[in-house]
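Engineer: Structure below; questions to follow.
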Amino acid sequence: MSLPRISVVGALALSGSALCLLALAPLGCRLGWGSYGLSLYRLIPISGIIAAVAVLLSVLTLALAWSRLRARDLVLLCAALVLGGALVYVPGQYALRRSTLPAIHDITTDTVNPPQFSAVLAARANERAASVDDRSPQLAQLQQAAYPDLTPITTQVSKAKAFQEALGVAKSMPGWIIVASDADA
């Protein structure tokens, strides 16, 4: 197998691997195969890096071996380039979006009187998750500036019914674990 042909197969394999990783990240988290942190902070960026390597290999192969490639190889190489480019976009767009928002891990609709957590603290500590007890006034100001449209809603539904509906939705969420529920909290 010639070097240009190996480059074509390699670029296509890298693009395919990046696609599989990007698909596995949310799917694995939802199905309980891995944590949210693994998906968001490891698999998605690794997918982007692999896709960038596929794009680089595709461009280099096109630039250095254009005349030695058969029509089929050109089509495969262009497919690897387009797929790789699209797959670089996803983690790149996420990183760009993340850099424009404050690093707030716990958003609440009530920044004046936020909910207090107690039952979940031990579970979060076991996962080395960020603390949920940091409710400084600066945090509330950051959240209000970043998410001005996130406010409490007023409804005619009773508190008990609203709580049961919210609990039902939470229980239906794949990967969510209800540590405790208290309608009076």
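The values are calculated or read from the model by the stated rules, or taken from the named source; none is laboratory data. All values derive from a computational prediction rather than experimental measurement. Counting neighbours? That spans all protein chains shown, and the Cβs are built from the backbone with ideal geometry, glycine included.
Engineer: Before we move on, is residue 109 among the polar types (S, T, N, Q) and either surrounded by fewer than 12 Cβ atoms within 10 Å (Cβ to Cβ) or on the phi > 0 side of the Ramachandran plot (or both)?
Structural biologist: no
Engineer: Now for a separate question. Of everything in region 33-60, what is over 17 Å from residue 88 (Cβ atoms) and polar (S, T, N, Q)? Give them in sequence order.
Structural biologist: Within region 33-60, 35, 39 qualify.
Listed here are the residues, each with its yes/no results for (1) loosely packed, with under 13 Cβ neighbours inside 10 Å; (2) touching a helix residue (DSSP H, G or I) at 6+ places or on another chain (Cβ under 6 Å); (3) within 24 Å of residue 30 (Cα to Cα).
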position: 101; (1), (2), (3): yes, yes, no
position: 139; (1), (2), (3): no, no, no
position: 145; (1), (2), (3): yes, no, no
position: 148; (1), (2), (3): yes, no, no
position: 161; (1), (2), (3): yes, no, no
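Engineer: Still on this model: Of all residues in region 37-48, which are exposed (fewer than 15 other Cβ atoms within 10 Å of the Cβ) and touching a helix residue (DSSP H, G or I) at 6+ places or on another chain (Cβ under 8 Å)?
Structural biologist: Of everything in region 37-48, just one residue is exposed (fewer than 15 other Cβ atoms within 10 Å of the Cβ) and touching a helix residue (DSSP H, G or I) at 6+ places or on another chain (Cβ under 8 Å), namely 38.
Engineer: In this structure, does residue 120 turn out to be farther than 17 Å from residue 18 by Cβ and among the aliphatic types (A, V, I, L, M)?
Structural biologist: For residue 120, the condition - farther than 17 Å from residue 18 by Cβ and among the aliphatic types (A, V, I, L, M) - is met.
Engineer: What number of residues in region 172-185 are at pLDDT 85 or above and farther than 19 Å from residue 124 by Cβ?
Structural biologist: 2
Engineer: If I ask for residues that are under 30 Å from residue 21 (Cα atoms) and modelled with pLDDT under 80, which ones from region 103-117 would you list?
Structural biologist: Within region 103-117, 103, 104, 105, 106 qualify.
Engineer: So, one more: So residue 1 ticks every box in (1) assigned to a helix (DSSP H, G or I); (2) over 30 Å from residue 173 (Cα atoms) but one. Which box is left unticked?
Structural biologist: (1)
Engineer: Follow-up question, since we're still on this one. Quick check, is residue 120 at pLDDT 75 or above, under 25 Å from the mean Cα position of the chain (by Cα) and within 17 Å of residue 181 (Cα to Cα)?
Structural biologist: When the stated conditions are applied, residue 120 passes them.
Engineer: Does residue 84 count as farther than 30 Å from residue 142 by Cβ, of a type outside the set (A, V, I, L, M) and exposed (fewer than 12 other Cβ atoms within 10 Å of the Cβ)?
Structural biologist: No: the conditions fail for residue 84.
Engineer: Is it the case, given these coordinates, that residue 58 is surrounded by fewer than 14 Cβ atoms within 10 Å (Cβ to Cβ) and among the polar types (S, T, N, Q)?
Structural biologist: no
Engineer: Shifting gears a bit: Please specify each residue of region 164-185 satisfying the condition of being assigned to a helix (DSSP H, G or I) and charged (D, E, K, R).
Structural biologist: 165, 171
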